[in-house]
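Note sheet for the following structure.
The values are calculated or read from the model by the stated rules, or taken from the named source; none is laboratory data. Please read all numbers here as calculations on a predicted model, not as lab measurements. Positions of Cβ are backbone-derived with ideal geometry, glycine not excepted, and every protein chain shown enters the neighbour counts. In case anyone asks, the SASA skips ligands and DNA or RNA and just uses the protein heavy atoms, side chains included. Shrake-Rupley method; radii C 1.70, N 1.55, O 1.52, S 1.80 Å.
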Amino acid sequence: MPGMVLFGRRWAIASDDLVFPGLFELFVRVLWWIGILTLYFMHRGKLDCAGGALLSSYLIVLIILLAVIICTVLAIVYVSMKGTICNPGPRKSMTKLLYIRLALFLPEMVWASLGAAWIAHSIQCDKIVVNGIIATVIVSWIIIVATVVTIIIVFDPLGGKVASYSCAGPSHLDSHDSSQLFNGLKTAATSVWETRIKFLCCCIGKDDHTRVAFSSTAELFSTYFSDTDLVPSDIAAGLALLHQQQDNIGSNQEPDEVISHSPGPSQEADLDAELENCHHYMQFAAAAYGWPLYIYRNPFTGLCRIGGDCCRSRTTEYDLVGGDQLNCHFGSILQTTGLQYRDFIHISFHDKVYELPFLVALDHRKESVVVAVRGTMSLQDILTDLSAESEVLNLECEVQDCLAHKGISQAARYVYRRLINDGILSQAFSIAPEYQLVIVGHSLGAGAAALLAIMLKAAYPQVRGYAFSPPRGLLSKSLCEYSKNFIVSLVLGMDVIPRLSVTNLEDLKKRILRVIAHCNKPKYKILLQGCWYELFGGNPDNFPTELDGGDQGDLTQPLLGEQSLLTRWSPAYSFSSDSPLDSPPKYPPLYPPGRIIHLEEEGTSGRFGCCSAAQYTAKWSHEAEFSKILIGPKMLTDHMPDILMRALDSVVSDRAACVSCPAQGLATVDVA
């Protein structure tokens with residue numbers, strides 16, 4: 001950090017990133033050199049044949065060339081181990097060493113080509129010698145090709161512009177020329193990200209919604225990454241340090257004081273009732289994922305159970321249900337919910353950008369009309385997630401500042417139009433007019449379900465919403481408070497999605513900058529010990545998390561332009577210079593919907609939760625408890641719907657078993 005500048009352009013690799021690649025190359029080349037040396041000295045007497053002199057010369061030169069390359073790589077590894085992430089001074093000779101190493105590729109390629117040409121002429125020598133030289137030529141070309149691939153991977157399309165901007169220096173940032181240069185860099189970065197996204201999503205069509213999503217996602221990425229000079233390994237090292245620092249702080253904190261008063265019976269009963277509702281309606285949120293999640297949850301028996309529905313043609317039972325693209329989905333939905341064909345009003349698996357699959361069913365057990373919206377399952381859904389600008393919602397309620405996540409609000413509006421304009425809800429309530437409307441979803445579907453409940457609140461005053469693992473960056477503060485009257489969110493453990501917003505990502509970026517700027521250990525040690533800690537745990541005190549600067553708010557050795565660029569250009573903390581001061585920022589702070597039930601793990605069940613069954617406690621939580629992204633092995637697995645379902649099963653059964661315990665929930669229920 002920062003990225004190295006070679007040939008007048010920046011590359012997506014730092015001077016301390018070459019330890020592990022260098023050691024691997026060193027290992028391969030030393031083995032190769034020993035093998036060639038052994039081949040030459042053991043079989044040089046067999047080179048007295050036609051063309052043998054050429055092969056002998058080839059081996060001698062290759063032995064010398066490899067020795068030089070090994071010495072050069074050894075020097076690169078040694079220099080790369082020096083210094084720290086933010087102190088590249090001891091590695092100032094790295095650029096010259098890399099130029100020497102790259103120059104050595106020219107004779108290596110020439111010699112590999114000559115070796116291939118000589119072998120192709122069918123030289124009549126000992127078979128062992130010829131096969132050894134063939135292997136040598138093959139290894140040469142493999143290493144050359146691997147090097148070319150590595151160069152392509154670390155190539156930064158913006159490297160030339162970034163190098164020019166770096167030369168200008170942060171001290172000239174306020175000048176007109178520097179501002180123009182930085183704006184040009186942001187525009188170029190947006191274009192590069194849009195090209196990358198279009199390439200990755202080349203199979204999903206080119207309609208207007210898709211083009212808008214491409215632009216929104218590209219602008220989000222370019223805005224987030226344009227104000228720092230981080231390479232990917234810096235981010236990995238920062239996350240490893242943050243995890244250890246987070247665990248160290250947690251282990252040193254004083255135990256929470258015991259609550260001196262018991263939660264009221266109404267609060268405790270409300271928590272139990274809502275947990276039971278969450279346990280029931282999570283089945284519908286899981287059913288909305290269709291057969292992929294069902295097969296994932298039942299890998300041995302799932303296919304047998306729904307195989308008949310996959311193979312049969314559409315029957316009269318299917319005709320009772322409106323919708324499209326049912327295929328194997330209907331069988332898995334029936335198995336997951338336990339309902340009958342006649343209980344479903346509409347099932348749609350139509351999937352495009354801003355258009356989510358959903359189902360509508362009659363739940364006779366709870367006397368409700370259930371709308372379940374599917375979560376992220378496709379590239380289209382990911383683009384919907386990443387359209388993270390905020391937009392104004394036109395609602396029939398007296399709530400000021402009605403802002404919401406653009407992509408999710410567009411998806412909720414699509415489902416709203418389908419439910420109202422296509423008469424789906426009217427059909428459902430014509431069958432069961434006394435039932436209550438309940439809208440549920442998981443992940444992206446949870447966000448869409450919450451917004452859909454808000455949109456339908458005026459027409460259906462008794463509507464209820466259950467959002468399982470919803471994204472944090474969803475609603476403005478006023479809408480968040482408004483939604484607490486009829487929406488309940490459920491969050492499991494360290495799940496990253498309910499903590500994920502543009503504002504929290506900006507905070508995470510600042511925390512990464514601080515921790516790596518104050519760490520006094522080289523990057524390779526941070527990564528090695530971080531991997532060990534993630535896999536096997538240990539005492540975080542034994543790891544390199546020393547923050548020598550004292551005040552973590554100030555960076556002792558800031559990144560190139562980090563302080564000025566982060567405060568001036570960061571989307572969550574500043575206005576655009578082209579926008580009037582009274583206009584809101586493009587990415588304002590957004591919050592999760594409704595009241596939040598947090599399922600916290602008691603003790604530990606192993607680093608990845610695979611060693612033993614985890615035990616959870618439930619409590620009401622305030623949204624402020626999810627205002628920071630936590631780093632840990634379970635930050636992703638806790639978001640999986642099958643893990644959430646198992647946790648709900650455990651919590652509901654444990655609370656039912658302990659319903660007669662007089663002190664139940666005394667210190668675990670915290671009412672926001």
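Here are the numbers for the structure shown:
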quantity	calculated
Net charge of Cβ neighbours under 10 Å - reference residue 79; Lys, Arg +1; Asp, Glu -1	+3
Over 32 Å (Cα to Cα) - which of 586/628; 406/525; 352/586; 406/619 fall in this group	406/525
Sequence of 282, 635, 640 when ordered by accessible area, the most exposed leading, probe 1.4 angstrom	640, 635, 282
Heavy-atom accessible area ranking, 1.4 Å probe, most first, across 296, 416	296, 416
Computed E for residue 128/residue 225 - FRET, C-beta separation, R0 51 angstrom, nearest 0.05	0.40
Backbone N within segment 133-158 under 17 Å of label point (7 Å from residue 199 Cα along the Cβ vector)	148-158
FRET E, pair residue 401, residue 20, Förster distance 30 Å, beta-carbon r, rounded to 0.05	0.05
Length gained when the stretch residue 434-residue 116 is fully extended (0.36 nm per residue, less Cα-Cα span)	106.2 nm
Assigned charges on the beta-carbon of Lys, Arg, Asp, Glu; segment 405-489 dipole about Cα centre (debye)	300
Projected label distance in nm at residue 481 and residue 458, using a 7 Å step from Cα toward the beta-carbon	2.1
Candidate residues 637, 136: accessible-area rank, largest first, probe 1.4 Å	637, 136
Extension gain, residue 102 back to residue 186 (0.36 nm per residue minus Cα-Cα distance, nm)	27.1 nm
Modelled FRET efficiency - R0 45 Å, residue 658 with residue 206, Cβ distances, 0.05 increments	0.20
Extension reserve of the residue 42-residue 28 stretch, reckoned as 0.36 nm per residue once the Cα distance is removed	2.9 nm
